[in-house]
Amino acid sequence: MKKRIGLFLTVLFVLSVTLFATGAKETIAQKEEITVVMGTSGNANAIRKHLSGFEDRTGIKVNLESYAAADVQNKVNINGAAGSSEIDVFAFQPTTNTKSYFANGYFEPLNKYIEVSKSYDYEDFFPSARSSTSVDDTIIGVPYMVEGEIMWYNKDILKRYGISVPTTFDEMLAVAEKVYDPANNVYAYTLRGQGNNAVGAIAGFLYGFGAGFFDENMNAAINTPEALKAIEFYATLCMYGPPGMQNTKHSDGINWFNNGLTAFRVDSYAQSFNHNDPEKSSIAQDLGYAMLPRGKIGTYTPYNTVGWAYAVSATSKHKDAAWKFIEWASGYEMEVESMMEGGFSARSAVWNDPRIAEVVNPELMAVVQQTGEFGYPYSLPNNINAVEVRALIGEVIDAAQSGLRGSELKAVADKINAQIQTILDSEK
């Protein structure tokens, strides 16, 4: 018996030494560590609060870095161009990054991960959000923050002037004529006036007239009859705004609306925090939320874009771990937590959660959900050299804001459309 006990202790000692010498190193080698680079947002704040739980449950160490949008883009481009594996998960802005990142091979396709994730419910994301984070049938990202077109209104002004919230483009113009009262410093609309800055704001109006930045074959289409009618209509609405609105950016519009100068403001619902806070806005108690009115094609046509999405880097050495992080960070519970931090979830079901109902205005909730169902996935040109194309489209808007209409505006648009087509042809 003593010999057996001695033999057992000897074996145990040998195993212990072996495990200490080799097993510990193996365990350390297997423990994965990933780096996540994303923009500063409510989502990033929520993730930081709950990250330790994810790390404890999965054994995956996460280095979370958050920066301003331009810095995120720079880091992703440097990592991708160098073929580096330093970044495992990165955030991107679909409207401006998808085409160039996809062309450069930055994305790891996510189809296989989503297919085997039984409880993830990918179909819960708004249709427009899924569209803008896919290229053909390849899923290249998961949306985590959306922003869509909305029309805020000042209930007090509507009551004083006896008008209702317009529900069609025609009604928008009719209401503008009734409420436009410069003598009493009251105007109809706050819109983005300056061309380059107005490109995103005009998107829903283009769609409402049956137009777009490009046609279905990615050819330039800013000079079509429908597009020109939309631009003329938008410029006409701007005429019912405060003096100088044709040359302004959105910051002036925020101040005008908050100070009670205009009855309506059209922009992205992600900016609602500028208007619903009594410390920032004098009209917070009179704030109303409505859909962008139905367009000439007879239905709602707001943009509903993905501001930010998660992606797995094609050069990551920890792709499975990277997906586990995305699966958790964009799952239902974390999306609720992100909403509590001021985010705007792309998941439809999250907007019905009772916890969200306690912190988000029900009118705003209804608009976001409806915009998610009707929304178009792009508020800006979505080609590779989108910045250049956006500037050119802005020139057409500026021409309309200067008063050009009809054949004069078309002459300008024809010339610019040809320049845009040259850029698009170079990308093919």
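The values are calculated or read from the model by the stated rules, or taken from the named source; none is laboratory data. Keep in mind that what you see is a predicted model, and the values were worked out from it rather than measured. Cβ atoms come from the backbone with ideal geometry, glycine included; neighbour counts cover every protein chain shown.
Within the stretch 14-32, the presence of at least one residue that is modelled with pLDDT of 90 or more and out of contact with any Pro (no Cβ under 6 Å at 6 or more places or on another chain) is confirmed. When the stretch 387-397 is filtered for residues that are modelled with pLDDT of 90 or more and under 19 Å from the mean Cα position of the chain (by Cα), only 390 remains.
Quick grid of which residues meet (1) more than 21 Å from residue 324 (Cβ to Cβ); (2) modelled with pLDDT of 95 or more; (3) not β-branched (Val, Ile, Thr):
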position: 34; (1), (2), (3): no, yes, no
position: 68; (1), (2), (3): yes, no, yes
position: 107; (1), (2), (3): no, yes, yes
position: 112; (1), (2), (3): no, yes, yes
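The set of residues in the stretch 212-227 that are buried (at least 23 other Cβ atoms within 10 Å of the Cβ) and under 21 Å from residue 302 (Cβ atoms) comprises 213, 222, 227.
Residues in the stretch 58-74 that are in a helix (DSSP H, G or I) and not hydrophobic (A, V, I, L, M, F, W, C): 58, 71, 73, 74. Only residues that are crowded, with 20+ Cβ neighbours inside 10 Å and either hydrophobic (A, V, I, L, M, F, W, C) or part of a helix (DSSP H, G or I) (or both) were counted in the stretch 338-349, giving 4. Just so you know, in the stretch 265-289 the residues that are within 20 Å of residue 178 (Cα to Cα) and among the charged types (D, E, K, R) include one that is surrounded by the most Cβ atoms within 10 Å (Cβ to Cβ), and it is 265. Inside the stretch 233-248, residues that are crowded, with 17+ Cβ neighbours inside 10 Å and over 14 Å from residue 187 (Cβ atoms) make up a count of 3.
Among the residues of the stretch 395-428, those that are in contact with a helix residue (DSSP H, G or I) (Cβ under 7 Å, 6 or more places away or on another chain), assigned to a helix (DSSP H, G or I) and of a type outside the set (A, V, I, L, M) comprise 395, 398, 401, 410, 419. The set of residues in the stretch 249-264 being surrounded by fewer than 21 Cβ atoms within 10 Å (Cβ to Cβ) and either among the hydroxyl-bearing types (Ser, Thr, Tyr) or at positive phi (or both) consists of 251, 260. For residue 72, the conditions (1) modelled with pLDDT of 95 or more; (2) in contact with a strand residue (DSSP E or B) (Cβ under 9 Å, 6 or more places away or on another chain) all hold with the exception of (1). When 358, 388, 333 are screened for being without any contact (Cβ under 8 Å) to a residue 40 or more places away in the chain and not assigned by TED's automatic domain parsing to the domain that holds residue 131, only 388 passes.
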